[in-house]
Structure formats: C-alpha cells, structure tokens
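Worksheet: the structure to be examined is printed underneath.
The values are calculated or read from the model by the stated rules, or taken from the named source; none is laboratory data. The shown structure was predicted, so the numbers you read here are calculated from the model rather than taken from an experiment. Don't worry about glycine lacking a Cβ; one is built from the backbone with ideal geometry, like all the others, and counts go over all protein chains shown. Please note that ligands, DNA and RNA were not included when accessible areas were found on the heavy atoms of the full protein model with its side chains. Shrake-Rupley method; radii C 1.70, N 1.55, O 1.52, S 1.80 Å.
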Amino acid sequence: MQEGLIIRGLSAGLENKRIIDALHLEVPDGEVHALMGPNGHGKSTLANILMGHPGYAVEEGEVLFDGENLLDLEVWERARKGLFLAFQYPAEIPGVTVSKFLKRIADLRRNPPRNTSVFLSELKENLRMLDIEPAFVNRYLNDGFSGGEKKRMEILQLLTIQPRFAIFDETDSGLDIDALKVVAAGINHMRGPGFSALVITHYRRLLDLVKPDKVHILEKGHIVACGGFELVELLERDGYDGIRRIVANPANPEVREAVYEH
Ligand SMILES: Nc1ncnc2c1ncn2[C@@H]1O[C@H](COP(=O)(O)OP(=O)(O)OP(=O)(O)O)[C@@H](O)[C@H]1O
Ligand SMILES: [Mg+2]
C-alpha cells in the first residue's frame, strides 16, 4: 500500500456542470506539492470534493488516502483520518471562542485526549510560533478578524490538529510579508514523514519559503503539467500561455524534463 493521497481519473462537479475532469494527482506521504492554475478552473472545487463537500457530485474515478477509498467516507470520518482543509475564505463563527474550538478539535483528533494543562502549554507554544496575541483565544472564531488574522488562525488549527494531509487553499492571499513567513514556518514545521500537503497558490512567494517537492498545473479541471520548481518560474515569467505552449510542444528543450501532459 502506498501512503499518501492518490487521485485517479476523477471527474466531478455540480449536477449539471463538470468542473473536475479526468484528474490524476498523487502526493506521496512526506511530500508537499503545489497546485496552481487560472482563476475559476477548479482548484477550490477539488479541495472541497476531497474534503467531502455535499454540494458536489463525483461522476467517476477514485481517491485513495493511505490505501483507503476516501469517497466512501463522511466529512467527519475524513477529518478523523487526518484530512485538513485551510479554507480560501475561512468562516466566522460568532459564539464559539477560539480556545473552546481548538480544545474541541484537539480532543477529537487525539485518542485519548490531552489533559488541559498539556493542551494549554502546546497552545501557548503555537501562539508564540505564529506570533498571535494570547488574548486572541478569547475572541469568537474569525469573528471580526482581519484577512491575515483569519489565515494565521487556519495555521493555528493545523498545528493543533496535526493532520496527516493538509490542503492550503490560497492561505497566502492577503498576507503581509511577516505573516507570510509565519504561515510558511507553520507549514514547514509540519513537514516530514506522516504528513503531506497540497498548497494551492497563484504566486511563487509562499513557494519560495515552502519549497514544494512537485508542482501541478490545473486547467479546466485537469492536470495539464507537472514538474519541479522551474514550472513556477516559467509561470511567473510567461503566464499560463507559456505553460500551454510547452504542453503543446513537449519537445521544447527548456523544460522538457520537467513538464509532461497527463
Ligand atoms: N456551488 C457552485 N455553484 C456554481 N458554480 C460553482 C460552484 N462551485 C464551483 N463553481 C464554479 O466552478 C468553477 C471552478 O471554481 P473554483 O472555485 O474551484 O475555482 P478556483 O480554481 O479555485 O479559482 P480561484 O483561483 O479564483 O480561487 C468556477 O467557474 C465556479 O464558478
Ligand atoms: Mg479557489
């Protein structure tokens, strides 16, 4: 059994609209991969489908996580298995304090749950690492948080849950330079055996700090190219037209080692 995530021939979307189209993607255990692609081409939809969002239907294909078919599992079962999604747009939950929320998710993930003093000392350490004011934990989750504060909160959840597989959906968007470094440090802290991740982003700045093991380009719901960091550089320089030209002519010596069409 191969550990990590394997997506094979996945076609999915809304009842009347296919958004993900015959998509193949593998993220072996211990690796961090980047997923890039133009606006509206299906990156967040893929993240939602992996997490089990009930608004999308799977037509075809399979998704294996540590050898088990994810698509058969309920959302909560996926979360218990260690799947984690850092949302592109984190929800505000007035009435639930950050500390209560974090204690609850930590308890659900760990069996048996940590005792409160261990939880609190880990929380303190994570707050320090993420440069978050301790008073934040008394506020309602994301309620009135700035955009950057919400993204840091996603990373605080990541460190609290210690998932097996994390999807970061544009966690870098709207971050100042210092916050970007904090987010990258949080992701890098998790790196190693027993953890893998898909980092969805439009720009190289987070990827400069979280060097991905592989880069995938998604267009029209399909992975059109896959390679190393040179793909990010190519994209930054020539945009998606540059990628399309190379995919159309795989003999192009510039990146023929790196780019291939599935
Ligand atoms: N629930 C929905 N109802 C209607 N259209 C939807 C729904 N979910 C996704 N779509 C459409 O599917 C397409 C893919 O959307 P998705 O959010 O996955 O794009 P994305 O690649 O994440 O884009 P971005 O880079 O802008 O975040 C878009 O055209 C979007 O409008
Ligand atoms: Mg998106």
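Observations
- Scanning the stretch 20-35 for residues that are in contact with a helix residue (DSSP H, G or I) (Cβ under 9 Å, 6 or more places away or on another chain) and either away from ligand 2 (no atom under 11 Å from the Cβ) or assigned to a helix (DSSP H, G or I) (or both) yields I20, L23, L25, V32, A34.
- Residues of the stretch 51-105 that turn out to be in contact (Cβ under 8 Å) with a residue 60 or more places away in the chain and within 16 Å of ligand 2 (Cβ to nearest atom), as a count: 6
- Of all residues making up the stretch 145-174, the number that are within 16 Å of ligand 2 (Cβ to nearest atom), open to solvent by 20 Å² or more (accessible area, probe 1.4 Å) and assigned to a loop (DSSP other than H, G, I, E, B): 3
- Residue list for the stretch 14-54, filter: under 24 Å from G82 (Cα atoms), within 10 Å of ligand 1 (Cβ to nearest atom) and open to solvent by 40 Å² or more (accessible area, probe 1.4 Å): H53
- Checked across the stretch 77-89, the condition of being of a type in the set (K, R) and surrounded by 18 or more Cβ atoms within 10 Å (Cβ to Cβ) holds for at least one residue.
- Selection within the stretch 205-224 - over 22 Å from A248 (Cβ atoms) and surrounded by 18 or more Cβ atoms within 10 Å (Cβ to Cβ): L206, L207, V210, P212
- Residue list for the stretch 90-123, restricted to those being open to solvent by 20 Å² or more (accessible area, probe 1.4 Å), under 27 Å from D29 (Cβ atoms) and touching a Lys or Arg at 6+ places or on another chain (Cβ under 8 Å): D107, L108, R109, E122
- Residue count, the stretch 188-233 (criterion: more than 16 Å from ligand 2 (Cβ to nearest atom), assigned to a helix (DSSP H, G or I) and touching a residue at least 24 places away in the same chain (Cβ under 8 Å)): 10
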